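Have a look at the structure below before the remarks.
None of the figures in this text is laboratory data; all of them are computed from the coordinates on show. Model, not experiment: these values are computed from the prediction. So basically every Cβ, Gly included, is an ideal-geometry build from the backbone, and we count neighbours across all protein chains shown.
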Amino acid sequence: MISICFEDQAQRMSELAGCSVDEAIEFLCSQTDYYDEIGLIAYPEDEDFNNPIVSSIVVEEDEMTEYLRFNTSLSEDVIEKLLEADTKYLIEVGIIDEEDFYE
């Protein structure tokens, strides 16, 4: 299971994006809601919670960006900066392999 400290992620993303920690938190909360809506979040009560999850769900950045625009008070510019900061953070902590992501 992947686990990330939410506060650490928000702090680092705010540094990378040049925005406030509060903006990064708002972004992350709404992003988490979006992931939940498309079925990417597993809960302990789910039947397959302890089993490796193989998912065919693809996160469409355009759809997520539209969701964030509609569900946050963030400007389009801040959303774009935070999307890039999120990717950079996930590369920094080893969740995303940079070579695989930018192929």
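Before moving on, here are some points about what is shown:
- Zone of PHE6's modelled label, taken as backbone nitrogen in the range 72-100 under 11 Å from a point 7 Å along Cα→Cβ: none
- Each of TYR89, TYR67, TYR35 was scored by other Cβ atoms within 10 Å of its Cβ. Listed from fewest to most, they are TYR35, TYR67, TYR89.
- This ranking places LYS81, LYS88 by how few other beta-carbon atoms lie within 10 Å of each, fewest first, which gives LYS88, LYS81.
- Summarising the amide proton neighbourhood of ILE96: residues at separation of 5 or more, or on other chains, whose placed amide H is nearer than 5 Å comprise ILE91.
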